[in-house]
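Asker: Dumping the structure here so I can ask a few things about it.
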Amino acid sequence: MQNVLLSEMTWPQLKERLTRHPVIFIPCGATEQHGPHLPLGVDVYLSTAMATKVATEIGGIVAPALAYGYKSMPRSGGGSFFPGTINLDGSTLSHMVRDIIREWSRHGVQKLCFFDGHFENQWFITEGIDLAVREIRNPALKVMRFEYWDFFTTQTLQQVFPSGDFSSIALEHAAVIETSLMLHFHPDLVRKELIPDNPSANPPPYDVFPADPKFTPKSGALITAAGASPLKGKIMADQAAADIATAMRKTFDAS
């Protein structure tokens, strides 16, 4: 199997691979608390694992991930009340994305994909892409951006939540979806004995500044993770990766 990880390639290997005009994947995550049972790098681990799965399918290259993300918010990520949550300002993230696109464009790359795994990142990644595209003005340049969980089908979510207790992606922080995917991709990093079974967070439909720690359960998981399993992780990973690969072939004409 051909290696798809840029960090493991030499420059001559990369030079040869670029002659095939591959899609360059940039996984995007955060360094953020994910409950007592998951590591701080969950968003990076999962976006990289999923991007690698898709890149292997379509012959892409996975660049090193953006390991820091936009501010963890109490209603969707737990906030900065937990040790190890390291936040970026939105403009910092946007400019990092802009600079990365400019550099890959300088190398002649025309197909880029920002593969996001951190809920709060999305609009700042979008801003960075827009800034770069407007500056570069290369009609051949095409950039995709998405969150991998948006590809989960209704059928897949019914298999993962057979009791129909799926609330929302925003509440799935450190819960069944992320825990199951980590059990599938990185089971050695999951503290199974500490998987939380706390009630759902019930924050109001607004934000308060300074942020209010009462919006986040003490475990850091916004809803129970007790139903997680490696099989559920595999179901989600296989289905989403297949549909992402299809979407990317359609967008980039990749083969």
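Asker: For 70, 206, which order do you get if you count the other beta carbons within 10 Å of each Cβ and list the fewest first?
Answerer: 206, 70
Asker: Give me 214, 111, 234 sorted ascending by neighbouring Cβ count inside 10 Å, so fewest comes first.
Answerer: Fewest-to-most Cβ neighbours within 10 Å comes out as 214, 234, 111.
Asker: Rounded, prolate or oblate: pick one for the chain, where a ≥ b ≥ c are the square roots of the eigenvalues of its C-alpha gyration tensor, a/c under 1.5 means rounded, and failing that, prolate if a/b is larger than b/c, else oblate. Show your work: numbers first, answer last.
Answerer: Values: a/c = 2.02, a/b = 1.47, b/c = 1.37.
Prolate, because a/c is 1.5 or more and a/b exceeds b/c.
Asker: Tell me, what is the percent relative contact order of the chain, built from C-alpha pairs under 8 Å that lie six or more residues apart?
Answerer: Values: 490 pairs, mean separation 60.3, N = 255.
About 24 percent, as a whole number.
Asker: If you don't mind, another one. Neighbouring Cβ atoms within 10 Å as the yardstick, rank 243, 165, 188 fewest first. Spell out each step's value before the answer.
Answerer: Numbers: 243 17, 165 11, 188 5.
Placing the least packed residue first, the sequence is 188, 165, 243.
Asker: Where both residues lie in region 6-252, what percent of DSSP beta bridges are antiparallel, nearest 5?
Answerer: Antiparallel bridges make up about 10 percent of those DSSP assigns within region 6-252.
Asker: In whole Å, how far is the Cα centre of region 119-141 from that of region 56-76?
Answerer: 15 Å
Computed from the coordinates by the stated procedures, all read-outs in this text should not be read as laboratory data. Source: prediction; values computed, not measured. Positions of Cβ are backbone-derived with ideal geometry, glycine not excepted, and every protein chain shown enters the neighbour counts.
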